[in-house]
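K.L.:
Quick one: the structure is below, questions incoming.
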2 protein chains.
Amino acid sequence: MSNSADPSMIGESTRGEDDIIKRIAAILGRSPIPRGERHIGDDAAILAPFVGQALISTDVAVLGVHLDGSLFPLEDLGFKAVASAVSDLAAMGGRPRGAVIAVSSPPGTDLEELHRGIADAAVITSCPIVGGDLTRGNDVSIAVTVFGECPGGDAVLRSGARAGEKILVSGPLGRSSAGLRRRRAGAPLQDELVVAHRRPWPRIAEGIAARGAGVSAMMDLSDGLGLDLHRLADASNVGFVLDRVPVAEGATESEATSGGEDYELLIVTPNVERLRMVFADRGLRQPISIGRIVDNVEERTLRGERFARDGWQHQL
Amino acid sequence: MSNSADPSMIGESTRGEDDIIKRIAAILGRSPIPRGERHIGDDAAILAPFVGQALISTDVAVLGVHLDGSLFPLEDLGFKAVASAVSDLAAMGGRPRGAVIAVSSPPGTDLEELHRGIADAAVITSCPIVGGDLTRGNDVSIAVTVFGECPGGDAVLRSGARAGEKILVSGPLGRSSAGLRRRRAGAPLQDELVVAHRRPWPRIAEGIAARGAGVSAMMDLSDGLGLDLHRLADASNVGFVLDRVPVAEGATESEATSGGEDYELLIVTPNVERLRMVFADRGLRQPISIGRIVDNVEERTLRGERFARDGWQHQL
C-alpha cells in the first residue's frame, strides 16, 4: 500500500523504500532459491507447486510486548517471530516451504539488524523468506506468515485426541521462561537458558516424525502447557489425567506449567511404542510421557488435583 | 507468540484472547469453507492442494500512516489492507485461495469494526480469511498475507516486457488520490471518488484474463504510474514512450501520475488485439493503451518529455 495519510512524496534521489529493500534482500539472500521459484522483487513470490495439503499460519511480534528491547538485541525479535510461526507448521507435521514478513517501524530503526535475526531463523528452519513489505509505524512490529506442505497424508489437528490415548511432550518445559527470568537478573545473552528464550528451535523434524507415526492430535506449546493442553482438550472434547510436568533443568515447576514460548510439541497418540521407534530411527530425542486422555471433559488433573487453565493470554 | 515482556497472567475467567478470537471468527465466517479445508482454530490453516504455481504476497497497513483515522472509519483500514494484498496476486494473473491476517492494536481498539472491513474485502475478492494472530501494540496495524494459485500456465512477471510491445492500463487513474483530496475538503464517505479511495477493487478477473491472453509483463499500480512503470521498466531492462496518462473523471493529471492506491493493472503485451478480445469475451472493461516499450533503457518519456520517477515511497 502506498502512504496516503502523509502527502510527502520522495523523489528518486532520496534513499527510499526500493533502496532499503535491496539491502534487506541481500541479508535474506543466504537461503538458496529452489529451481522454478521467484522470491523477492515482483508483486508476489512464486513457489513451485505444493505437495499435498497446504498449511498457512501467521504470527505477529511487537518490540516491547514480545521482546524487551532493553534486555535483548533487536535481531532476537526477528528470530523469534520466524521461529514462532514455523513452529505452528511443525505442530501439524508440516514441512515449511517459505515465509513472508511484514515489518513496520519508526524512522531510525536498524532494519538490517532486525533482518539478520530473521535470516538466521530462516536458515536454521530451512524456510526461505520469499517476500515482504516494509512500512512506517510507531511500533517496531513484525508479522511473519509461513506456508508449508504435507506430503503423504493429512496434517495433524488439535481435535483428534481420544480417551485412552497417551499424552507426551517433545522435551522438558520452562526453559524459555527461566531464561527470561535469568536475563532480567543480569545473566549474559550467551547463558544457555537465555539462549533458549532468544533463539527457540521449532520442532520441525519431530512434527514430521510424529505425523508419520500416526499420532492423533498435536500442537506446539507456545502459551504454556497450562493453557495449551486445555485448548487441545477443548478441541477434542475430552479430559486428561497428567502424572507429571517435566521441568527443564534450571526452571521452576510454575515456569514449566505456565511459561510460554518453549515451542516443544504436545503429542497425543494411541501408539506410544511406534512413536518412540520412529523418533529413535530418526535420531530424535525421545518424547516424554506425561499422562493420558480421558472421556470426561471435566476431568483435568495433575497428580490427582485439578489442573488450572493458566498461561499467557494477551489483553486485547 | 506469548507475551513474554509483560509478566501479567490472565486467569480463565478473564475475557482474553480466546474469547475475542471467537467473536472475530464469527465476523469472518461469512466466507464459505471449501471441502477438505480447515481455517481458523488450529495451529495453522489447512488448504486443499494448490493447482500450479503458488503465489504469496504480504502487505502491512498502519492506522495514521495508511489511513487517517480522523477522516475514515477503522473498517476501511481492514478493507484496504486485504484489497491491496489481493491486488498483488491479480498483478500476476493469480487466483486467490485465502489470506491470513496479523493484527496488533492498543487496548480499547474496536477489533470487531476492523474485522468487518476485512470480512467485506474477503467476500468481494472471494478470498476467505483462513487464519490470523492478534497481539497488543501501540499502533493499530494489520498485516495481510494472501496466497493463490496459477492454474494452466506461469504467473506474469514484471520483467517480461520487450521493445515494440504495447503498454496498457486496466482503467483511468487518479481516482483514489482524488477521493482522498475530496474527503479532506469535507466530501461525505459515500462520495464516489471517496469510495474509490476507501474501497479499492482488486482487478482479479482482469489479471486472469490478461495472463490467458499471453501478456508479457504486468504489475498493479499501487504506488502510481510515475513510480511503478519505472519499476517495471527496470525489471525488464527497457525504456518506454508514453503517449498519454488516462486521467479519471474528477482527478488531476498529477493525481493520475503520482497518486497511489488505484490498483489498476499495468499491462505490457505483444498482442493488443488478443488482449482486447479476451477482455470483451469476459465482459471486462476495455484496457486503455498508453504507449510502447523501447530498447533504450534511458528513454522514458511522456509526450516527448522526460517522465520523472515520481510516486509514493515510504521513509524508512
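K.L.:
Does region A:112-141 hold any residues that are within 13 Å of chain B (Cβ to nearest Cβ) and of a type in the set (G, A, S), and which are they?
P.N.:
A:A121, A:G131, A:G132, A:G137, A:S141
K.L.:
When B:V65 is evaluated against the numbered criteria (1) among the hydrophobic types (A, V, I, L, M, F, W, C); (2) touching an Asp or Glu at 6+ places or on another chain (Cβ under 9 Å); (3) buried (at least 24 other Cβ atoms within 10 Å of the Cβ), which criterion, by number, is the only one it fails?
P.N.:
(3)
K.L.:
Confirm whether A:G98 is within 24 Å of A:G260 (Cα to Cα), of a type outside the set (A, V, I, L, M) and open to solvent by less than 10 Å² (accessible area, probe 1.4 Å). Break it down into steps so the answer makes sense when it comes.
P.N.:
Details: within 24 Å of A:G260 (Cα to Cα): no; of a type outside the set (A, V, I, L, M): yes; open to solvent by less than 10 Å² (accessible area, probe 1.4 Å): yes.
No.
K.L.:
Out of all the residues in region A:87-100, which are more than 7 Å from every other protein chain (Cβ to nearest Cβ), in contact with a Ser or Thr (Cβ under 8 Å, 6 or more places away or on another chain) and assigned to a strand (DSSP E or B)?
P.N.:
Matches in region A:87-100: A:P96, A:A99.
K.L.:
Further question on the same structure: Among the residues that make up region A:66-75, is at least one of them part of a helix (DSSP H, G or I), among the acidic types (D, E) and not assigned by TED's automatic domain parsing to the domain that holds A:G214?
P.N.:
yes
K.L.:
Whether any residue in region A:47-61 is surrounded by 21 or more Cβ atoms within 10 Å (Cβ to Cβ) and over 30 Å from B:G207 (Cβ atoms) is what I want to check.
P.N.:
yes
K.L.:
While we're looking at this one, here's another question. Those residues that are facing chain B (nearest Cβ under 10 Å), hydrophobic (A, V, I, L, M, F, W, C) and either assigned to a loop (DSSP other than H, G, I, E, B) or closer than 20 Å to B:D223 by Cα (or both), I need them from region A:25-63; list them, please. Before the answer, list the steps.
P.N.:
Filtering region A:25-63 down to residues facing chain B (nearest Cβ under 10 Å) leaves A:36-39, A:41-63.
Okay, now just the ones that are also hydrophobic (A, V, I, L, M, F, W, C), so A:44-48, A:50-51, A:54-56, A:60-63.
Within region A:25-63, A:A44, A:A45, A:A48, A:F50, A:V51 meet the criteria.
K.L.:
Moving on to the next point. Give the residue that is surrounded by the most Cβ atoms within 10 Å (Cβ to Cβ), with candidates limited to residues of region B:269-289 that are touching a Phe, Trp or Tyr at 6+ places or on another chain (Cβ under 9 Å) and touching a residue at least 40 places away in the same chain (Cβ under 8 Å).
P.N.:
In this case the residue turns out to be B:P287.
The values are calculated or read from the model by the stated rules, or taken from the named source; none is laboratory data. Owing to the predicted nature of the structure, the values given are computational and were not obtained by experimental measurement. When we count neighbours, we look across all protein chains shown, and the Cβ atoms used for this are built from the backbone with ideal geometry, even at glycine. Ligands, DNA and RNA are stripped out before the accessible areas are found, and what is left, the full protein with its side chains, is counted by its heavy atoms. Shrake-Rupley method; radii C 1.70, N 1.55, O 1.52, S 1.80 Å.
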